[in-house]
Amino acid sequence: MNRLALPALMLAGIALAGCQSSLSGDTYSRDQARREMSVRMGTVESVRPVTIEGTKSHVGTASGAAIGGLAGGRGSTAGAIAGAVVGGVAGALIEEGATRRSGLEITIRLDNGNVIAVVQEGDEKFNPGDRVKLVGSSGNTRVSKY
């Protein structure tokens with residue numbers, strides 16, 4: 001293996017790990033901290049498992065292309081190009097797969113009669129009939145048991 005390939009591979013792994021974000025009901029972004037949010041109450045009508053697609057930030061593509069170019073380019077420009085293309089495609093697929101999450105689509109009848117659905121990671125169990133609290137602002141809502 002090329003002397004640069006292993007450090008590049010390690011850097012790609014670190015970059016991909018940094019791309020993961022959570023859509024959990026228990027995790028807040030830095031932008032959401034110390035910000036006023038509205039609170040609504042409701043009752044769970046239905047819950048179904050869903051898959052939350054992974055990120056597509058181009059970090060995986062770039063990392064894979066760099067690694068593929070190094071691995072395929074041992075003295076051959078054509079090999080480097082082919083390795084970069086194949087590595088880029090593989091890197092994009094790896095990034096999306098590594099950041100894919102299981103989630104829940106929670107359909108809720110709000111106390112005002114409106115019905116909404118919220119998708120978030122499935123780290124908390126919900127059942128029809130559960131009383132829930134919805135906290136959010138600017139279209140970003142999380143559900144938790146009340």
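The values are calculated or read from the model by the stated rules, or taken from the named source; none is laboratory data. Source: prediction; values computed, not measured. Note that each Cβ is placed from the backbone with ideal geometry, even for glycine, and that neighbours are counted across all protein chains shown.
Considering only residues in the stretch 111-138 that are among the charged types (D, E, K, R) and over 18 Å from ILE52 (Cβ atoms), the one that is surrounded by the most Cβ atoms within 10 Å (Cβ to Cβ) turns out to be ASP130. Residues of the stretch 31-53 that are more than 22 Å from SER102 (Cα to Cα) and modelled with pLDDT of 70 or more: ASP31, ALA33, ARG35, GLU36, MET37, SER38, VAL39, ARG40, MET41, GLY42, THR43.
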